[in-house]
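So the structure is just underneath, and the comments pick up after that.
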Amino acid sequence: MKVLNTPLPGVIIIEPRLFGDKRGFFLESYSATRYREAGLDVEFVQDNHSRSSHHVLRGLHFQLRHPQGKLVRVSRGSVFDVVADVRTGSPTFGQWFGVELNDDNARQLYIPPGYAHGFQVLSDVADFEYKCTDYYHPEDEGGVAWNDPGLGIEWPCPEQAIVSDKDQRWGPLQALTDEQLPPYLL
Ligand SMILES: Cc1cn([C@H]2C[C@H](O)[C@@H](COP(=O)(O)OP(=O)(O)O[C@H]3O[C@H](C)C(=O)[C@H](O)[C@H]3O)O2)c(=O)[nH]c1=O
């Protein structure tokens with residue numbers, strides 16, 4: 001497997017080894033020892049799976065006191081996956097990074113705790129599966145507007161974005177106080 005760094009510290013792209021043959025392919029989507037050897041020494045406690053139709057945009061979300069590290073991948077279709085640094089005191093605060101994840105490249109993205117995360121679906125349907133390092137705490141959830149001009153995220157299809165009522169209500173990053181944002185843990 002290959003591990004690629006990104007401009008955001010700790011956010012890494014993982015390309016698992018894919019075994020193709022006349023039947024299709026096989027890959028290990030996670031292995032504790034192999035990922036630890038590659039520098040991902042974290043414990044996952046919850047697996048999630050969401051299915052979304054074309055142009056759906058989920059995010060940008062984070063948890064405040066229970067920030068979740070996420071190992072995300074797309075098992076069907078294609079998404080433009082986005083991470084934004086919302087950690088108070090981070091040198092890269094307010095910066096974002098995006099990458100296409102799809103069931104062809106089998107690419108995964110590891111997002112350390114404290115970053116905000118979202119994605120937009122590029123295919124007719126997308127199955128988005130991910131492992132989390134902490135549990136879901138709905139009372140602890142925070143968010144930033146997906147179209148925050150201060151972040152300037154270059155979503156692929158912003159005019160066609162299908163967004164939940166909840167996600168439409170998030171405000172811009174600059175409106176959030178330090179107490180409303182995850183800390184920057186060195
Ligand atoms: C996240 C989550 C949700 N739920 C329930 C709560 C709602 O009744 C329903 C849909 O939740 P929500 O609209 O928050 O789902 P997403 O918009 O996909 O939220 C996720 O979207 C972005 C991309 C993320 O990175 C986070 O993992 C997460 O915030 O699932 C659960 O039961 N457990 C969970 O861990």
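Miscellaneous remarks
- Those residues of region 151-168 which are away from the ligand (no atom under 12 Å from the Cβ) and not acidic (Asp, Glu), in sequence order: LEU151, GLY152, ILE153, TRP155, PRO156, CYS157, PRO158, GLN160, ALA161
- Only one entry of ASP134, ASP104 meets the criterion of being among the acidic types (Asp, Glu) and over 15 Å from LEU71 (Cα atoms), and that entry is ASP104.
- Looking across region 111-125, the residues that are within 14 Å of TRP146 (Cα to Cα) and either open to solvent by 20 Å² or more (accessible area, probe 1.4 Å) or small (Gly, Ala, Ser) (or both) come down to ALA116, GLY118.
- Positions within region 86-108 being in contact with a Ser or Thr (Cβ under 8 Å, 6 or more places away or on another chain) and either more than 22 Å from ALA38 (Cβ to Cβ) or within 13 Å of the ligand (Cβ to nearest atom) (or both), in sequence order: LEU101
- Selection of region 151-168 for residues being farther than 17 Å from TRP96 by Cα, free of Cβ contacts under 8 Å to residues at least 60 places away in the same chain and either acidic (Asp, Glu) or surrounded by 12 or more Cβ atoms within 10 Å (Cβ to Cβ) (or both) yields GLU159, ASP165.
- Some residue of region 60-70 being open to solvent by 40 Å² or more (accessible area, probe 1.4 Å), farther than 22 Å from ASP148 by Cβ and more than 11 Å from the chain's Cα centre (by Cα): yes
- Of the residues making up region 126-150, just one is buried (at least 22 other Cβ atoms within 10 Å of the Cβ), outside any strand (DSSP E or B) and away from the ligand (no atom under 11 Å from the Cβ), namely VAL144.
- Number of positions in region 73-86 that are open to solvent by less than 20 Å² (accessible area, probe 1.4 Å) and over 15 Å from VAL56 (Cβ atoms): 4
- Filtering region 45-83 to residues that are among the small types (Gly, Ala, Ser) and more than 25 Å from PRO16 (Cβ to Cβ) leaves only SER53.
- Considering residues of region 87-110 that are over 22 Å from GLU141 (Cα atoms) and modelled with pLDDT of 95 or more only, the residue surrounded by the most Cβ atoms within 10 Å (Cβ to Cβ): GLN108
- Test: residue in region 30-39 that is of a type outside the set (A, V, I, L, M) and touching a Ser or Thr at 6+ places or on another chain (Cβ under 7 Å): no
- Close contacts from region 38-67, counting a first residue that is at positive phi and a second that is surrounded by fewer than 16 Cβ atoms within 10 Å (Cβ to Cβ) and among the polar types (S, T, N, Q), with Cβ to Cβ under 6 Å and a gap of 6+ residues or different chains, come to HIS55/GLN160.
- The set of residues in region 36-81 being touching an Asp or Glu at 6+ places or on another chain (Cβ under 9 Å), within 28 Å of PHE25 (Cβ to Cβ) and β-branched (Val, Ile, Thr) consists of VAL72, VAL74, VAL79.
- Among strands (runs of 3 or more DSSP E) entirely within region 1-104, having at least 2 residues that are in contact with a Pro (Cβ under 9 Å, 6 or more places away or on another chain) singles out 57-63, 70-76, 78-85, 96-102.
The values are calculated or read from the model by the stated rules, or taken from the named source; none is laboratory data. Here the structure is a predicted model, which is why all the values come from computation and not from measurement. Cβ atoms come from the backbone with ideal geometry, glycine included; neighbour counts cover every protein chain shown. Remember, those area values only see protein heavy atoms, side chains included, never the ligands or the DNA or RNA. Shrake-Rupley method; radii C 1.70, N 1.55, O 1.52, S 1.80 Å.
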